[in-house]
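Written below as structure tokens is the structure these notes are about.
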Amino acid sequence: MPCTVSTDFTAQLPLDVGLRDTASFDSFCSGRNRELVDRLKATILDPDHCADPGGHQGSQIYLWGEAGCGKTHLLQALCGLASQRGHSAVYLPLDAHQHGVQWLEDVDRLSLVCIDDLQAIAGQRLWETALFTLGDRVRERAGSWVVAGDVSPKGLSLTMPELESRLARGLIYRVLGLNDEDRSQAVRLRAQQRGLELSDEVIRYVLSRYPRDTVALFELLDRLDRASLASGRRVTIPFLRELDGG
């Protein structure tokens, strides 16, 4: 899936940036983030009721949370939903900001702009200025601007107070990690999407023996999917032990 759903805009973006096929709201275990998920979906599904706190049309939302909590998944799911509804949208991860601030040129004309990894450019005045200008232009055009970082706007150590103020002016959500029950549900949901049948016993084993952050767990499921297909075997605890050389 391309990172932008505006067909005349694709050539301006680096080819190595894209949306994961698995990134959708259906594949996201909301857990304690139900209000956030509903608000993000309403950005596309009910835009007339999504004016920002200042009364301007369009949405400005800032997401923050630790690595692996689902920020990237949510941004990409939002772009995917926009695509399905015929809206122009772009996903820009700033950890790839070596492409230069020209990466941001003209994206303000799109309906939805999703910026990931804001912390990657914190302290770089040129980038902060470019993002502040982008936010203003998106707002002027009644578009939606959704930004994610690993900490709250106040904790970003930005050199430009105007950008911090701009981010704080919109809605701010902390993306909360999953509890044990939600994590089990997330593993089961992702496994089903991969066509894997995992018993409750196998899921408990996975959660007790492997890293528990969702990124690592989903990478494990991808690995299990490939191994299961190659061997023609179901995923069982003995199969897992063999796979790990135990």
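Please specify each residue of segment 26-46 satisfying the condition of being of a type outside the set (D, E, K, R) and either in a helix (DSSP H, G or I) or within 19 Å of residue 172 (Cα to Cα) (or both).
Result: 30, 31, 33, 36, 37, 40, 42, 43, 44, 45.
Would you confirm whether or not segment 134-153 contains a residue that is more than 28 Å from residue 46 (Cβ to Cβ) and not assigned by TED's automatic domain parsing to the domain that holds residue 207? Don't jump to the end; show me each part of the working.
Going through segment 134-153, the residues more than 28 Å from residue 46 (Cβ to Cβ) turn out to be 150-151.
If we keep only those that are not assigned by TED's automatic domain parsing to the domain that holds residue 207 too, we end up with 150-151.
Yes, because at least one residue in segment 134-153 is more than 28 Å from residue 46 (Cβ to Cβ) and not assigned by TED's automatic domain parsing to the domain that holds residue 207.
Which one of 193, 185 is polar (S, T, N, Q) and at pLDDT below 90?
Details: 185 fails: at pLDDT below 90.
That would be 193, the only listed residue that is polar (S, T, N, Q) and at pLDDT below 90.
Okay, residues lined up against (1) among the hydrophobic types (A, V, I, L, M, F, W, C); (2) at pLDDT 70 or above; (3) under 26 Å from residue 179 (Cα atoms):
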residue	(1), (2), (3)
6	no, no, no
25	yes, yes, yes
29	yes, yes, yes
38	no, yes, yes
52	no, no, no
67	yes, yes, yes
70	no, yes, yes
74	yes, yes, yes
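Just to check your reading of the model, which residue among 199, 157, 165, 184 is more than 21 Å from the chain's Cα centre (by Cα), small (Gly, Ala, Ser) and not assigned by TED's automatic domain parsing to the domain that holds residue 82?
Values: 157 fails: not assigned by TED's automatic domain parsing to the domain that holds residue 82; 165 fails: not assigned by TED's automatic domain parsing to the domain that holds residue 82; 184 fails: more than 21 Å from the chain's Cα centre (by Cα).
Within the list 199, 157, 165, 184, the selection yields 199.
Go through segment 103-112 and give me each residue that's assigned to a loop (DSSP other than H, G, I, E, B) and under 17 Å from residue 61 (Cβ atoms). Before the answer, list the steps.
Applying the first criterion (assigned to a loop (DSSP other than H, G, I, E, B)) to segment 103-112 yields 105-106, 110-111.
Within segment 103-112, 110, 111 qualify.
So which residues in segment 113-169 are in a helix (DSSP H, G or I) and small (Gly, Ala, Ser), if there are any at all?
120, 130, 135, 155, 165, 168
Condition (residue is loosely packed, with under 14 Cβ neighbours inside 10 Å, within 15 Å of residue 69 (Cα to Cα) and at pLDDT below 90) applied to segment 209-216: is it met by at least one residue?
yes
Each row is one residue, and each column tells you yes or no for (1) out of contact with any helix residue (DSSP H, G or I) (no Cβ under 8 Å at 6 or more places or on another chain); (2) under 20 Å from residue 31 (Cα atoms).
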| position | (1), (2) |
| --- | --- |
| 169 | yes, no |
| 181 | yes, yes |
| 184 | no, yes |
| 220 | no, no |
| 237 | no, no |
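From (1) at pLDDT 95 or above; (2) buried (at least 16 other Cβ atoms within 10 Å of the Cβ), pick out the condition that doesn't hold for residue 224.
(1)
The values are calculated or read from the model by the stated rules, or taken from the named source; none is laboratory data. Fair warning: this is a prediction, and the values are worked out from it, not measured in the lab. Here Cβ is always computed from backbone atoms with ideal geometry, including for glycine, and neighbour counts include all displayed protein chains.
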